[in-house]
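Participant: Got a structure for you, written out below as structure tokens; questions coming shortly.
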Amino acid sequence: NASHSDVADGGPIIIEKLKNWTERNEKRIILSQIVSMYLEMFENTDMSKPHIKHISEELYTLKNNLPDGMKKMKDIMDLAKLKMSDFRIQRKAANELFSVLQKLVDPPSFKRKRSQSQKRCNC
């Protein structure tokens, strides 16, 4: 029940997390995780209530339209676990550095607009 007095204790738990995710694609990753959390929460509720069923159906629709955030979150967690003090990891990372920097500098999703020459008036 969301009307209990303890709901306000400690401030928001999910909305606060969205502040750090500013880009559209970033938000879609975190939102896919949040939607999954809500769906898990609704699994333990009484689905015979029409409003609960409706909300759950809408969440499933949203989930189907969002990217697979779990895979992306796992990638981030795997990167965080890398032991950068390990010489083998350092060598591999150093070997990949140029490629990583290239992806940061020139992401493939940005397409350059072709410059169109302006037509000159032959008046």
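The values are calculated or read from the model by the stated rules, or taken from the named source; none is laboratory data. Nothing here was measured: the structure is a model prediction, and the numbers come from that model. For accessibility, only protein heavy atoms count, side chains too; no ligands or nucleic acids. Shrake-Rupley method; radii C 1.70, N 1.55, O 1.52, S 1.80 Å.
Participant: Out of the helices (runs of 4 or more DSSP H) lying entirely within segment 30-123, which hold 1 or more residues that are open to solvent by less than 80 Å² (accessible area, probe 1.4 Å) and modelled with pLDDT under 80?
Facilitator: Values: elements: 50-65, 69-81, 87-105.
Filter on segment 30-123 gives 69-81.
Participant: Specify the residue that is nearest to LEU66 (Cα to Cα); the eligible residues are those in segment 1-29 that are at pLDDT 80 or above, of a type outside the set (Lys, Arg) and open to solvent by less than 100 Å² (accessible area, probe 1.4 Å).
Facilitator: First, the residues of segment 1-29 that are at pLDDT 80 or above: 14-29.
Keeping just the survivors that are of a type outside the set (Lys, Arg) gives 14-16, 18, 20-23, 25-26, 29.
Of the ones still in play, those that are also open to solvent by less than 100 Å² (accessible area, probe 1.4 Å) are 14, 16, 18, 21-22, 26, 29.
Details: ILE14: 18, GLU16: 20, LEU18: 16, TRP21: 15, THR22: 16, GLU26: 11, ILE29: 8 Å.
If we take residues in segment 1-29 being at pLDDT 80 or above, of a type outside the set (Lys, Arg) and open to solvent by less than 100 Å² (accessible area, probe 1.4 Å), then ILE29 is nearest to LEU66 (Cα to Cα).
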